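A short write-up of the structure that comes next.
Only the coordinates and a few stated rules stand behind these numbers; no lab work does. All values reported here derive from a predicted model rather than from experimental measurement. Quick reminder, even Gly has a Cβ in these numbers, built from the backbone with ideal geometry, and neighbours come from all protein chains shown.
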Amino acid sequence: MKQLIRIVFASALFCPVIGMLGSCSEEADCSMVGRPMMNCLVYTLNEMDIAVRDTLDSLTVTAFGTDSILVNAQQDVRDVALPLRYTADSTILVFRYSQQTTDTVTVRHTNTPYFLSMDCGYQVTQSLTSVAYTRHRLDSIYIFDNEVGLYGSTNLQLFY
């Protein structure tokens, strides 16, 4: 009987300790992977037709057909990182500079899913194929790097 009490007491102590050690196992951190963003830099042409960095006074960017505000009245804008839709092959963005002035930018892209891991599942790589836009304030757009990534490389150069 004394032996049985010792076994019950020992298992009452060691079972929680073993459970805590097992819970400290390394887990995959899928949040570290992040989401690819299309990086856009603002440019203008100087009097010698050389591209130089520029700044927009104010910019609000929304996704067309949704209530999503991607950039909300940001001041002194030199660059902007924007997500692309991974459920469709085009993303329509509305650039609002003031109450009266807007430009609409349609970005066509390919979405390629790839398997990351059992814990994190699938991710999507995106590649820009073309850009169409209105020219109310925007002059032109140049695709600098068509591979949208996590590391902040410039994808679009916006000329004003």
ask   = Just going by the charge dipole of the stretch 30-159, with Lys and Arg at +1 and Asp and Glu at -1 on Cβ, which of ALA73, SER90, ASN39 is farthest out on the positive end?
value = SER90
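Between THR110 and ASN146, 0.36 nm times their residue separation minus their Cα-Cα distance comes to what? Numbers along the way, then the final one.
Values: separation 36, 0.36 × 36 = 12.96 nm, distance 1.01 nm.
Result for the pair: 12.0 nm of gain on full extension.
Rank-order 117-128, 36-47 by packing density, defined as the average count of other C-beta atoms within 10 Å over each peptide's residues, highest first.
On the way: 117-128: 14.1, 36-47: 16.8.
Taking the mean over residues of other Cβ atoms within 10 Å, the ranking is 36-47, 117-128.
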query = Under a point spin-label approximation (7 Å from Cα along Cα-to-Cβ), what is the SER130-SER58 distance to one decimal in nm?
reply = 3.5 nm
request  = Just rank THR91, THR102, fewest to most, by other beta-carbon atoms within 10 angstrom.
outcome  = THR102, THR91
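I need the semi-axes of the equivalent ellipsoid of the stretch 30-159: take the C-alpha gyration tensor, multiply each eigenvalue by 5, square-root it, list largest first in whole angstrom. Before the final figure, lay out each step's value.
Details: eigenvalues 148, 53, 38 Å².
Taking √(5λ) for each Cα gyration eigenvalue gives 27, 16, 14 Å.
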